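Inspection log for the structure reproduced underneath, given as structure tokens.
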Amino acid sequence: MATTSSESDSSRKNTDNKENESKDEQNNMFECNICLDNAKDAVVSVCGHLFCWPCLHQWLETRSSRQVCPVCKAVISKDKVIPIYGRGNTKQEDPRNKVPPRPAGQRTEPDANTGFPGFNFGDGGFHLSFGIGAFPFGFLTSFNFSDRPHGVPVGGQLQQDDHYLSKLFLWIAVIFIVWLLLA
Amino acid sequence: MAGKTPSEKRLHKELISLVKEPPPGMIVDADQAEQNLNTWTINMQGAEGTLYDGELFQLQFKFGSSYPFESPEVTFVGQNIPVHPHVYSNGHICLSILTDDWSPALSVQSVCLSIISMLSSCKEKKRPPDNSFYVKTCNKNPKKTKWWYHDDKV
């Protein structure tokens, strides 16, 4: 292993030379706390610890449920690290954009109306309801194709439940009509 | 060697600094480590004025390819396994930084220091209460054990 010996040789030479050592110490200040190399695409956490963005990103992915600073265990997140731009670096690109960005979280806005969904005529969506006038079961068959009030992606589970319910009510209505016709 | 992985690069840096400035009472077997960067043996002396004063121990570090994002596998090996409430007779160590509380900012040096301070603060030399059961049933890799960290006194 040629590099091994040459590297340890050079480190020995450094100890002999005081000037080099102090230079070394200065360089140490800008070493990434994870790879121990000079920080590349440097970012700093709000708690003040320096990392290469690729290193920190990998750590955040490794423990995505508990994202803490490797040095001081303060809570950190991708959005709260600060990229560092030195002089002479012409491309001042945010290093956080280089690594594939984390997929955005999805959240569902709570429903604005608290009443029964079948009575929901208020928010300008498209409704299709049918029923036989005299019967109070008409509302059961109303379909709700309205958009959500704020255009927020809807949780898949909720949508599925709605779908299932309207199908169920449709069948109840059909059976009821057939029974009426036969009776 | 042009194609050194980040993990090898970091291990190399750690080895150089451990050889250059070893913590008191610790000597890394540098030749062995240079031959195989993934397994290191560290000779450790019990600290002066503690229950382990004058004793010699051997610590083995095994590094996976995702080091330092994953913790190393650290066990006591050799003839003399310290008798300590957190050290099993097969060399496994119950220490939170070796699993749940691992951080990539920790190093071989800081793990060694933690272990030596764990030994030094011991008041009474004894094995863990579940030693014989654990040693019979555990996996060879201590990282496979679901450790239950409950005692932070020693």
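Readers should treat all values here as calculations from the given coordinates under stated rules, not as data from a laboratory. Being a predicted model, the structure only gives us computed values, none of them experimental. Every residue, glycine among them, receives a Cβ derived from its backbone with ideal geometry; neighbour counts consider all protein chains shown.
Structure notes:
- Members of segment B:69-95 found to be in contact with a strand residue (DSSP E or B) (Cβ under 7 Å, 6 or more places away or on another chain) and surrounded by fewer than 18 Cβ atoms within 10 Å (Cβ to Cβ), listed by number: B:77, B:78, B:80
- Filter pass, residue B:110 being part of a helix (DSSP H, G or I), in contact with a helix residue (DSSP H, G or I) (Cβ under 7 Å, 6 or more places away or on another chain) and within 30 Å of residue B:9 (Cα to Cα): no
- Test: residue in segment B:8-15 that is more than 11 Å from chain A (Cβ to nearest Cβ) and of a type outside the set (Phe, Trp, Tyr): no
- Flag if residue B:103 is within 14 Å of another protein chain (Cβ to nearest Cβ) and under 15 Å from the mean Cα position of the chain (by Cα): yes
- The set of residues from segment A:47-81 being more than 10 Å from chain B (Cβ to nearest Cβ), within 23 Å of residue B:11 (Cα to Cα) and not aliphatic (A, V, I, L, M) comprises A:53, A:57.
- When residue B:80 is tested against (1) in contact (Cβ under 8 Å) with a residue 40 or more places away in the chain; (2) more than 14 Å from chain A (Cβ to nearest Cβ), just one condition goes unmet, and that condition is (1).
- Filter result for residue B:27 (out of contact with any Gly (no Cβ under 6 Å at 6 or more places or on another chain) and away from chain A (no Cβ under 14 Å)): yes
- Looking across segment A:25-46 at every residue that is closer than 22 Å to residue A:79 by Cα and loosely packed, with under 15 Cβ neighbours inside 10 Å, the one that is nearest to the other protein chains (Cβ to nearest Cβ) is identified as A:40.
- Segment B:96-154, subset among the aliphatic types (A, V, I, L, M) and over 21 Å from residue A:71 (Cα atoms), residue surrounded by the most Cβ atoms within 10 Å (Cβ to Cβ): B:119
- Number of positions in segment B:31-65 that are surrounded by fewer than 15 Cβ atoms within 10 Å (Cβ to Cβ), more than 15 Å from the chain's Cα centre (by Cα) and among the small types (Gly, Ala, Ser): 3
- Qualifying residue in segment B:52-68 (condition: within 11 Å of chain A (Cβ to nearest Cβ), within 28 Å of residue A:54 (Cα to Cα) and among the charged types (D, E, K, R)): no
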